[in-house]
Amino acid sequence: MNIVDCIIIGGGPAGMEAANRLTDQGFQVLLFEKEPELGGKLRQWDKLFPDFTLAQDILKMLNDNIASNKLEIKTGNTIRELRQSTDEGNSKEWEVIDGNGESHRARTVLITTGFDFFDATRKEEYGYGIYPNVITSVELEEQLKNGKIEIASNSKNDPNIAFIQCVGSRDEKVGNHYCSRNCCICAVKQAIEVKELLPQSEVTCYYMDLRMFGQSYEELYRKAQQEFRVNFIRGRVSEISPTLENRVILKAEDTLLSRPIRATVDLVVLMVGMEPSETTAQLSKSLNMSDPYGYIASKNSYTADNETQHKGLFVAGTAKRQLAIPDVIRDADAAAFTIAKHLKNGK
Amino acid sequence: MQKHYWNEYQKEIAADRYFYARSCIRQTFFPGSETAFLKILQDELGKDIYDSADQHTCSGIGYHGDVVPFLTTSTVIARLFSLMTEAGYKNYVPSCITSFGLIVEVLDTWKHFPETLEQTRESLLKATGRTFEIPENVAHPSDIIYKFRNELKSKMKYQLIEKSTGRPLRGVEHIGCHYAKVFPDKGVGGAEFPHVLAGMIESWGGEVVDYPERRHCCGFGFRNYLVQANRGYSVSNSHKKFESMAPYKPDFIIANCPGCAMFLDKWQYTIAEMEGKTYDEQGRGIPVFTYEELAGLLLGYDPWKLGVQIHQVQAESFLDKIGIEYNPDEKYKGASGEELEHPQKPSVLKV
């Protein structure tokens with residue numbers, strides 16, 4: 001049986017970038033992706049924060065590199081099992097059983113199985129799935145991609161649109177204490193895009209804290225307020241209910257003014273957080289390397305952030321925590337470098 | 001496809017052999033409801049339900065009014081359980097929603113802090129010499145009516161349909177806070193989209209009104225009402241709900257909590273007196289029923305024997321819409337047929 005240098009599980013931006021970097025250096029790589037196409041969640045996105053780069057441009061660069069490299073890709077193929085090979089004491093190898101039951105062997109494995117969006121139906125009080133004018137940020141992005149925002153209400157006035165932050169993040173009730181890190185700035189980006197498409201609309205973001213930590217994030221937040229007149233209210237929304245005009249009423253508390261608010265709006269956008277993907281959670285559990293939330297814990301987040309506690313098994317991207325696209329690509333580069341070093345040293 | 005959240009909150013409801021625990025206040029406000037429940041279970045459904053003569057309060061009003069501590073409450077509840085054990089039953093059915101919520105809270109506390117269960121056993125034994133078993137199933141009577149709602153429908157003489165037009169009647173359902181807001185998985189449908197009363201309305205031919213303040217508290221809130229100076233909070237909460245539901249033109253309200261059914265009924269009189277406002281087009285107010293009264297009316301029980309004439313908002317507009325038969329001359333007759341004193345008429349609300 002052919003033993004490849006590295007099997008990469010997950011063909012999103014992290015898997016694609018790492019595959020390119022490893023094949024650039026002459027290593028033999030086998031890339032698995034469960035969907036029919038490579039690209040992961042990047043395929044669902046229109047423009048990226050904070051500079052409105054087209055997601056398809058990034059995807060094209062990754063795909064062009066893939067096309068120019070000699071790389072074996074298995075799309076539409078899920079992983080049934082990942083284990084250390086036990087044949088004749090040759091325990092340094094890894095064995096992957098794919099969805100068709102076929103066995104593949106490699107000297108190293110890189111897990112880039114990424115994240116899933118939080119299922120908004122778990123926050124029942126927001127009525128997602130019941131009221132047509134409550135949508136997720138993922139659905140809004142799809143509408144932005146199509147250049148048309150769908151307003152379900154019968155209201156003839158200029159639409160009133162609300163963004164709700166931290167849906168499924170920093171929320172003890174759903175068991176996710178962590179911050180998803182991308183939703184604050186993503187809401188700012190999407191609010192600006194909504195104002196560009198519907199200049200007469202009233203757009204308000206309801207937030208707990210606004211975490212504008214990245215380069216140019218704070219500037220975009222200021223721009224949203226100053227140039228696009230997006231309102232920001234520090235308050236957690238407690239409930240969303242319907243009105244007779246097919247609009248919805250949201251209730252919140254403005255915690256800066258210490259007063260309750262009720263707003264009647266035409267569209268609510270739930271900024272859904274990130275959770276480990278099903279495969280990420282499954283692998284982290286089966287190989288006993290899970291953090292408290294099901295993400296894959298790296299060996300050392302300071303000095304060995306692409307390694308796991310298992311020799312020859314590496315991790316990159318959002319399979320280990322919440323990262324934005326530039327961070328994911330940098331992390332994949334670092335993983336490829338670490339794997340190359342491991343392979344060259346023959347460890 | 002529209003999501004049905006309530007499907008994910010289905011609880012186990014015992015099918016027979018119930019120990020019934022009555023409410024402290026329901027027999028005053030809704031004098032026919034508990035009797036109607038027993039009649040429905042025994043006569044319509046053929047169930048075994050035991051109504052102990054030795055029962056007493058669960059102390060819920062004192063507990064929520066901050067005058068009875070937890071261990072005392074849990075010991076009082078343990079005594080009720082000992083009556084159930086003594087009678088040979090394992091399925092506990094508390095009539096009052098606060099009792100239901102409190103029992104769920106006590107059982108949960110015993111589960112997570114077993115030392116409190118031991119303390120309770122010891123306190124009960126020392127005080128009364130009694131022992132008890134934990135119920136195998138705790139269900140509110142509204143859960144049981146919900147469970148058998150389709151079976152009951154087949155026995156019903158009327159449906160929630162306007163006789164003259166064939167229009168389904170619009171019902172506001174209001175769930176007591178202590179039913180599912182504390183422990184969502186203990187209520188049919190959970191806390192956000194409870195289905196226990198909505199399921200009855202839908203099964204019996206009506207439509208449920210989904211209005212903005214559907215989940216808002218009726219305003220009873222023990223401290224809101226029991227502390228006289230706070231009653232303005234109580235009425236303002238009900239006011240908020242009425243203002244919110246009125247544009248949907250509901251034909252009736254049903255509730256499964258003693259406080260909710262009472263305040264949603266009686267505050268309509270208060271608001272009418274204070275503001276001159278009523279919440280239906282005829283100025284009669286929106287009739288409020290308990291789920292037992294509603295089931296009883298549809299089963300063809302005599303409205304006056306169900307005690308609906310005791311309500312502040314009178315039931316005739318609702319009865320006439322459906323075509324439920326009643327004798328106006330019997331309305332204020334006592335059990336032995338004598339004519340009782342008629343209540344005074346409010347100045348605004350039409351009766």
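Bear in mind that the values in this text are calculations on the coordinates, not laboratory data. Remember, predicted model here, so these are calculated numbers, not experimental data. Note: ideal-geometry Cβ built from the backbone for every residue, glycine included; neighbour counts use all protein chains shown.
The loop-placed GluC sites (Glu not before Pro) in the stretch B:101-153, going by DSSP, that have at most 14 neighbouring Cβ atoms within 10 Å of their Cβ come out as B:Glu133, B:Glu136. Averaged over residues, the count of other Cβ atoms within 10 Å places the peptides A:155-168, A:299-312 in the sequence A:155-168, A:299-312, highest first. Under the convention that each Lys and Arg Cβ holds +1 and each Asp and Glu Cβ holds -1, the size of the dipole of the stretch B:157-330 around its Cα centre is about 560 debye.
In percent, rounded to a whole number, the relative contact order of chain A is 20, using alpha-carbon pairs under 8 Å and six or more apart.
Taking label positions 7 Å along the Cα-Cβ direction at both B:Phe113 and A:Glu196, the computed distance is 5.6 nm, reported to one decimal. Over the stretch B:282-326, what relative contact order in percent results from Cα pairs under 8 Å that are six or more residues apart? Reported relative contact order: 44 percent. By the combined test of axial Cα extent (at least 24 Å) and Kyte-Doolittle hydropathy (mean at least 1.6), none of the DSSP H helices of chain B qualifies. Sequentially through the stretch B:39-55, phi angles give Karplus couplings (6.51, -1.76, 1.60; θ = phi - 60°) of 5, 4, 5, 6, 8, 7, 9, x, 9, 9, 9, 9, 10, 6, 7, 9, 6 Hz, Gly and Pro residues having no value and appearing as x. Positive end of the dipole of the protein assembly as shown (Cβ unit charges, origin at the Cα centre): among B:Pro194, A:Phe52, B:Tyr279, the Cα lying farthest that way belongs to A:Phe52. By the Cβ distance rule (another cysteine Cβ under 4.7 Å), the unpaired cysteines of chain B are B:Cys24, B:Cys58, B:Cys96, B:Cys177, B:Cys217. The separation of the stretch A:250-327 from the stretch B:91-144, counted between C-alpha centres, amounts to 40 Å.
What does the C-alpha gyration tensor say about the overall shape of chain A? Classify as rounded when a/c is under 1.5, otherwise prolate if a/b is larger than b/c, or oblate.
Here chain A falls in the prolate category.
Each of B:Ser52, A:Ser258, A:Ser180, B:Ser238 was scored by other Cβ atoms within 10 Å of its Cβ. Arranged with the fewest first, they read A:Ser258, B:Ser52, B:Ser238, A:Ser180. Peptide A:240-251 has a mean of 3 when you count, residue by residue, the C-beta atoms of other protein chains within 10 Å of its C-beta. Please report how far the C-alpha centroid of the stretch B:1-63 lies from that of the stretch B:201-230, rounded to the nearest whole angstrom. The stretch B:1-63 and the stretch B:201-230 have Cα centres spaced 19 Å from each other. May I ask for log10 I(q)/I(0) of the stretch A:156-198 at q = 0.17 Å⁻¹, from a Debye sum over the Cα atoms as equal point scatterers with solvent left out? For the requested q values the scattering log ratios are -0.57. The GluC sites (Glu not before Pro) of the stretch A:216-252 that meet both conditions, a loop assignment by DSSP and at most 10 other Cβ atoms within 10 Å of the site Cβ, are A:Glu227.
Take each uninterrupted DSSP H stretch in chain A, measure its Cα extent along the helix axis, and return the ones at 18 Å or beyond whose mean Kyte-Doolittle hydropathy is at least -0.5.
Working: long enough: A:55-68 (20 Å, -0.01); A:183-197 (20 Å, 0.93); A:325-345 (30 Å, 0.07).
Helix filter hits for chain A: A:55-68, A:183-197, A:325-345.
Start at zero, step by 10 Å, and the Cα-Cα distances of the stretch B:203-343 spread as 11, 39, 35, 14, 1 percent across the bins. Each part reduced to its alpha carbon centroid, the stretch A:143-195 and the stretch B:250-287 end up 38 Å apart.
Backbone N atoms of the stretch A:27-45 closer than 17 Å to the 7 Å Cα→Cβ label point of A:Lys70 belong to residues A:27-31.
Rounded to whole numbers, the Karplus 3J(HN,Hα) couplings from phi for the stretch A:236-243 are 8, 7, 9, 6, 10, 9, x, 10 Hz, using 6.51 cos²θ - 1.76 cosθ + 1.60 with θ = phi - 60°, and x at Gly and Pro. Normalised by 2.2 N^0.38 Å, with N the number of residues, the alpha-carbon radius of gyration of the stretch B:16-139 equals 1.05. Remark: B:His216, B:His342 ranked as B:His342, B:His216, counting other beta-carbon atoms within 10 Å and listing the fewest first. Oblate is the label for the stretch B:141-190, because a/c, from the alpha-carbon gyration tensor with a ≥ b ≥ c as root eigenvalues, is 1.5 or above and a/b does not exceed b/c.
In the stretch A:182-212, whose amide N lies under 14 Å from the spot 7 Å out along Cα-to-Cβ of A:Lys223? List them in ranges. The answer is A:185-196, whose backbone nitrogens lie closer than 14 Å to the label point. Remark: mean inter-chain Cβ contacts per residue of A:122-135 equal 3, using a 10 Å Cβ-Cβ cutoff to other protein chain atoms. Per residue of B:29-41, other chain Cβ atoms within 10 Å of the residue Cβ number 0 on average. Return the calculated 222 nm mean residue ellipticity for the protein assembly as shown, to the nearest 500 deg cm²/dmol, obtained by summing -39500 (n - 2.57) across DSSP H runs with n ≥ 4 and dividing by the residue count. Value at 222 nm, helices only, nearest 500: -10000 deg cm²/dmol. Counting only DSSP beta bridges with both residues in chain A, the antiparallel share comes to about 45 percent.
Exposure proxy ranking for B:His4, B:His174, B:His64, based on other Cβ atoms within 10 angstrom of each Cβ and starting from the fewest, stands as B:His4, B:His64, B:His174.
So what is the relative contact order for chain B, in percent, with contacts set as C-alpha pairs under 8 Å and at least six apart? Spell out each step's value before the answer.
Values: 602 pairs, mean separation 66.6, N = 351.
Worked out over chain B, it gives 19 percent.
Annotation: peptides A:13-24, B:186-197, ranked by per-residue average of other Cβ atoms within 10 Å with the highest first, follow the order A:13-24, B:186-197.
Going by the alpha-carbon gyration tensor, a ≥ b ≥ c the square roots of its eigenvalues, is the stretch A:118-274 rounded (a/c under 1.5) or, if a/c is not under 1.5, prolate (a/b greater than b/c) versus oblate?
Values: a/c = 1.32, a/b = 1.07, b/c = 1.24.
In terms of gyration-tensor shape, rounded.
Among B:257-267, B:324-334, sorting by the average number of other beta carbon atoms lying within 10 angstrom of each residue, highest first, gives B:257-267, B:324-334.
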